[in-house]
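This report refers to the structure that appears directly beneath it.
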Amino acid sequence: VETSGEGFFDITRDVAGFLASIRARDGVMLLFLRHTSASLVIQENADADVRTDLVSALDRIAPADAGWVHDTEGPDDMPAHVKSMLDGVCLHVPVGGGRLGLGTWQGIYLAEHRAAPHRREVTLTFLGTCEPQ
């Protein structure tokens, strides 16, 4: 996932595309983010203001100017680790009839907690049944 800096990046279509490509039917979709300064979340997909406010809320919880000891990679790195720990790097979503079992207003997002753009790697694993080839 290519990010443009801090914010939420919708990966729902990518995950749904993966399910379609393997002809998934029923089971569970597992997502794992291979980084410690970003996270995975399920969040509202209707109003972008929600995601803007979430960035602000996380910045209030873990501000860059809090006097962190770890600052080798810049002032936003340690707060990014804290935000990642709060949000988490793993998700599981039920799949039924080949479709993600998300609610009406839910989407799957990669939350980038660093100011600079990054390339993030998400591992997708489906456990369940697939249509025969």
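The values are calculated or read from the model by the stated rules, or taken from the named source; none is laboratory data. Just so we're clear, the structure is a prediction, and the values are computed from it rather than from any experiment. Note that we place each Cβ from the backbone using ideal geometry, even for glycine, and neighbour counts take in every protein chain shown. Ligands, DNA and RNA are stripped out before the accessible areas are found, and what is left, the full protein with its side chains, is counted by its heavy atoms. Shrake-Rupley method; radii C 1.70, N 1.55, O 1.52, S 1.80 Å.
Computed quantities for the displayed model
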| quantity | calculated |
| --- | --- |
| Index of the failed condition, residue 91 passing every other in (1) closer than 12 Å to residue 41 by Cα; (2) among the hydrophobic types (A, V, I, L, M, F, W, C); (3) out of contact with any strand residue (DSSP E or B) (no Cβ under 8 Å at 6 or more places or on another chain) | (3) |
| Number of the exception - residue 72 against (1) in a loop (DSSP other than H, G, I, E, B); (2) in contact with a helix residue (DSSP H, G or I) (Cβ under 6 Å, 6 or more places away or on another chain) | (2) |
| Any hit, the range 80-99, residues being assigned to a loop (DSSP other than H, G, I, E, B), open to solvent by 40 Å² or more (accessible area, probe 1.4 Å) and out of contact with any Cys (no Cβ under 8 Å at 6 or more places or on another chain) | no |
| Single match in 129, 72, 125 (criterion: in contact with a Lys or Arg (Cβ under 6 Å, 6 or more places away or on another chain), farther than 20 Å from residue 51 by Cβ and either open to solvent by 40 Å² or more (accessible area, probe 1.4 Å) or among the aromatic types (Phe, Trp, Tyr) (or both)) | 129 |
| Selection count where residues are in contact with an Asp or Glu (Cβ under 7 Å, 6 or more places away or on another chain), surrounded by 15 or more Cβ atoms within 10 Å (Cβ to Cβ) and free of Cβ contacts under 8 Å to residues at least 60 places away in the same chain, scope the range 22-69 | 2 |
| Matching residues in the range 107-122 - criterion: being open to solvent by 80 Å² or more (accessible area, probe 1.4 Å) and out of contact with any Lys or Arg (no Cβ under 7 Å at 6 or more places or on another chain) | 117, 119 |
| Residue in the range 105-126 that is of a type outside the set (Ser, Thr, Tyr), more than 15 Å from residue 5 (Cβ to Cβ) and without any contact (Cβ under 8 Å) to a residue 40 or more places away in the chain present | no |
| Any hit, the range 31-53, residues being under 30 Å from residue 133 (Cα atoms) and in contact with a Gly (Cβ under 6 Å, 6 or more places away or on another chain) | no |
| Cβ pairs under 7 Å, 6+ apart, first in the range 1-21 and open to solvent by 50 Å² or more (accessible area, probe 1.4 Å), second part of a helix (DSSP H, G or I) | 6/55 |
| Strands (runs of 3 or more DSSP E) contained in the range 1-55 and holding at least 3 residues under 14 Å from residue 90 (Cα atoms) | 24-33, 38-44 |
| Residue 85, sole failed condition from (1) under 13 Å from the mean Cα position of the chain (by Cα); (2) touching a residue at least 40 places away in the same chain (Cβ under 8 Å) | (2) |
